[in-house]
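The values are calculated or read from the model by the stated rules, or taken from the named source; none is laboratory data. Worth saying up front: this structure is predicted, and the values here are computed from it rather than measured. Here the Cβ is made from the backbone with ideal geometry for all residues, glycine too, and neighbour counts use every protein chain on show.
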Amino acid sequence: MNKREYAFDILRTISMLMVIMIHVSNVYSRSFGIIGNQYFIISLFFNTICRISVPIFLMISGALLLDREYQKDKYLKRIIKFLLLIIIWDIIYLIWEYLYLGITYNNLYRLLFEPLRAHLWFLYTILLLYIIQPLLRYLLNKANKTIKIVLLIVWLLFSSGSMISHILAEYFTFFSYMGFFIIGKYLYDFSKENDLKKYNKQLVLLMIILYTVSIILNYKSSIKYNMFYNLYFAYRTPFIIFSSIAFFLLIINSNLKTNKLVILLSDLSLGVYLIHGIFLDITVKQFIYPRIPSIIGIPLFTLLIFLGSIVTVYLIKKIKILNNII
């Protein structure tokens, strides 16, 4: 893949917004029992439809990287970049939480194995995928079509099994992310070899059905256990896997006109992903989310956090010495 794929810019931009909306929605969803049922359902709706965002990011990375020849210099540069991002952003949030939230940590050695902030897990995961990328590419090139189909089926079976087995859920997580990484390349190659536009309506219908089932199951489980229950929109579940695949194909097969703003936002997406937690903290501390109806609050706070993050990242990129931290 030599030329820039504009569809990936669209996907990154949409996914960037969705990640922020997930974290805003989570504040409302975790207020189960405090906000009314109708506002809880609305929070589940926003939370669910946005869960394709992280799988989409992983699929884009797989489509781009699993097609590339191994080049030692670029490989090491990529690994070092993300290793530094992990260190830098753990330190940034460590300082931020101490100064703004008054939080201190005693066991800092845990940062070697898990992120300080929940959303930074993506850096740890993508770093591992980048490390094994040459091996994955080699194995995929050696595998025939039958083996690839078998691996895909195994991935989907483990996905389904992880919803009923805590052991599978615990040990399957990285495997599920690796599955998104690999299938991104499969889908991109397949979409370029076949005209899938005629299936767009079916893909949209599939997403609507999967989203609806996921929302209903999470809502009923929350009522049953009297707490916010979110198993059915976990990234590894079939509901999100197939919704992510459908949305990925929809955008890849679209013929949207190139937009410079979308390209700019796409280039800022990693920085926005990293920094948006700071603006989330500010809005959570300055506003009491449950007092504002979720149907208003979720879009409103998502927009505020998005704008604050975009402007900040854009300005940081103008400072040469800080450019590499985003």
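Could you list, in sequence order, the residues of region 11-35 that are charged (D, E, K, R) and in a helix (DSSP H, G or I)?
Filtering region 11-35 down to residues charged (D, E, K, R) leaves 12, 30.
12, the sole residue that qualifies.
Going through 280, 265 one at a time, which residue ends up being more than 23 Å from residue 59 (Cβ to Cβ), in contact (Cβ under 8 Å) with a residue 40 or more places away in the chain, assigned to a helix (DSSP H, G or I) and out of contact with any Leu (no Cβ under 8 Å at 6 or more places or on another chain)?
Working: 265 fails: more than 23 Å from residue 59 (Cβ to Cβ).
Answer to the selection: 280.
Return the residues of region 209-261 that are among the polar types (S, T, N, Q) and out of contact with any helix residue (DSSP H, G or I) (no Cβ under 8 Å at 6 or more places or on another chain); say none if nothing qualifies.
Applying the first criterion (among the polar types (S, T, N, Q)) to region 209-261 yields 212, 214, 218, 221-222, 226, 230, 237, 243-244, 253-255, 258-259.
Scanning region 209-261 gives 212, 226, 255, 259.
If we keep just the residues of region 136-188 that are within 25 Å of residue 253 (Cβ to Cβ), hydroxyl-bearing (Ser, Thr, Tyr) and modelled with pLDDT of 90 or more, which is surrounded by the most Cβ atoms within 10 Å (Cβ to Cβ)?
Out of the qualifying residues, it is 188.
Which of (1) closer than 21 Å to residue 323 by Cβ; (2) within 21 Å of the chain's Cα centre (by Cα) is the odd one out, the single condition residue 260 does not satisfy?
Unmet for residue 260, out of (1) closer than 21 Å to residue 323 by Cβ; (2) within 21 Å of the chain's Cα centre (by Cα): (2).
Given the criteria in contact with a helix residue (DSSP H, G or I) (Cβ under 7 Å, 6 or more places away or on another chain), at pLDDT 95 or above and over 24 Å from residue 66 (Cα atoms), does residue 206 qualify?
Values: in contact with a helix residue (DSSP H, G or I) (Cβ under 7 Å, 6 or more places away or on another chain): yes; at pLDDT 95 or above: yes; over 24 Å from residue 66 (Cα atoms): yes.
Judged against the criteria, residue 206 is a match.
If residue 38 meets every condition in (1) outside any helix (DSSP H, G or I); (2) without any contact (Cβ under 8 Å) to a residue 12 or more places away in the chain apart from one, which number is that one?
For residue 38, the exception is condition (1).
Within region 34-42, is there a residue that is under 19 Å from the mean Cα position of the chain (by Cα) and surrounded by 15 or more Cβ atoms within 10 Å (Cβ to Cβ)?
Of all residues in region 34-42, those under 19 Å from the mean Cα position of the chain (by Cα) come to none.
No; the residues of region 34-42 include none that is under 19 Å from the mean Cα position of the chain (by Cα) and surrounded by 15 or more Cβ atoms within 10 Å (Cβ to Cβ).
Restricting the search to region 312-326, which residues are closer than 15 Å to residue 273 by Cβ and β-branched (Val, Ile, Thr)? Even if it seems obvious, please write down each step before you answer.
So in region 312-326, the residues closer than 15 Å to residue 273 by Cβ come out as 312-314, 316-317, 325-326.
Of everything in region 312-326, those that are closer than 15 Å to residue 273 by Cβ and β-branched (Val, Ile, Thr) turn out to be 312, 313, 316, 325, 326.
Residues that are small (Gly, Ala, Ser), in contact with a Phe, Trp or Tyr (Cβ under 6 Å, 6 or more places away or on another chain), outside any helix (DSSP H, G or I) and within 17 Å of residue 241 (Cα to Cα): does region 157-170 have at least one? It would help to see each step written out before you state the result.
Filtering region 157-170 for residues small (Gly, Ala, Ser) gives 159-162, 165, 169.
Filter once more, so that each one left must be in contact with a Phe, Trp or Tyr (Cβ under 6 Å, 6 or more places away or on another chain): 162.
Add one more test, that the residue is outside any helix (DSSP H, G or I), and what stays is 162.
When the remaining residues are screened for being within 17 Å of residue 241 (Cα to Cα), the result is 162.
Checked region 157-170: at least one residue is small (Gly, Ala, Ser), in contact with a Phe, Trp or Tyr (Cβ under 6 Å, 6 or more places away or on another chain), outside any helix (DSSP H, G or I) and within 17 Å of residue 241 (Cα to Cα).
Per-residue answers, yes or no, for (1) closer than 29 Å to residue 243 by Cα; (2) among the β-branched types (Val, Ile, Thr); (3) out of contact with any helix residue (DSSP H, G or I) (no Cβ under 6 Å at 6 or more places or on another chain):
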position	(1), (2), (3)
47	yes, no, no
51	yes, no, no
58	yes, no, no
65	yes, no, no
71	no, no, yes
92	no, yes, yes
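Within region 209-239, can you find the residues that are within 19 Å of the chain's Cα centre (by Cα), modelled with pLDDT under 95, closer than 19 Å to residue 30 by Cβ and not hydroxyl-bearing (Ser, Thr, Tyr)?
230, 231, 233, 234
Quick grid of which residues meet (1) touching a His at 6+ places or on another chain (Cβ under 8 Å); (2) at pLDDT below 95; (3) crowded, with 17+ Cβ neighbours inside 10 Å; (4) under 25 Å from residue 178 (Cβ atoms):
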| residue | (1), (2), (3), (4) |
| --- | --- |
| 18 | no, no, yes, yes |
| 22 | no, no, yes, yes |
| 70 | no, yes, no, yes |
| 100 | no, yes, no, no |
| 104 | no, yes, no, no |
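Is there a residue in region 305-326 that is under 19 Å from the mean Cα position of the chain (by Cα), under 24 Å from residue 77 (Cβ atoms), at pLDDT below 95 and not basic (Lys, Arg)?
Among the residues of region 305-326, at least one is under 19 Å from the mean Cα position of the chain (by Cα), under 24 Å from residue 77 (Cβ atoms), at pLDDT below 95 and not basic (Lys, Arg), which makes the answer yes.
Would you mind stating whether residue 242 is in a helix (DSSP H, G or I) and free of Cβ contacts under 8 Å to residues at least 60 places away in the same chain? Quick ask: steps written out before the conclusion?
Working: in a helix (DSSP H, G or I): yes; free of Cβ contacts under 8 Å to residues at least 60 places away in the same chain: yes.
For residue 242, the condition - in a helix (DSSP H, G or I) and free of Cβ contacts under 8 Å to residues at least 60 places away in the same chain - is met.
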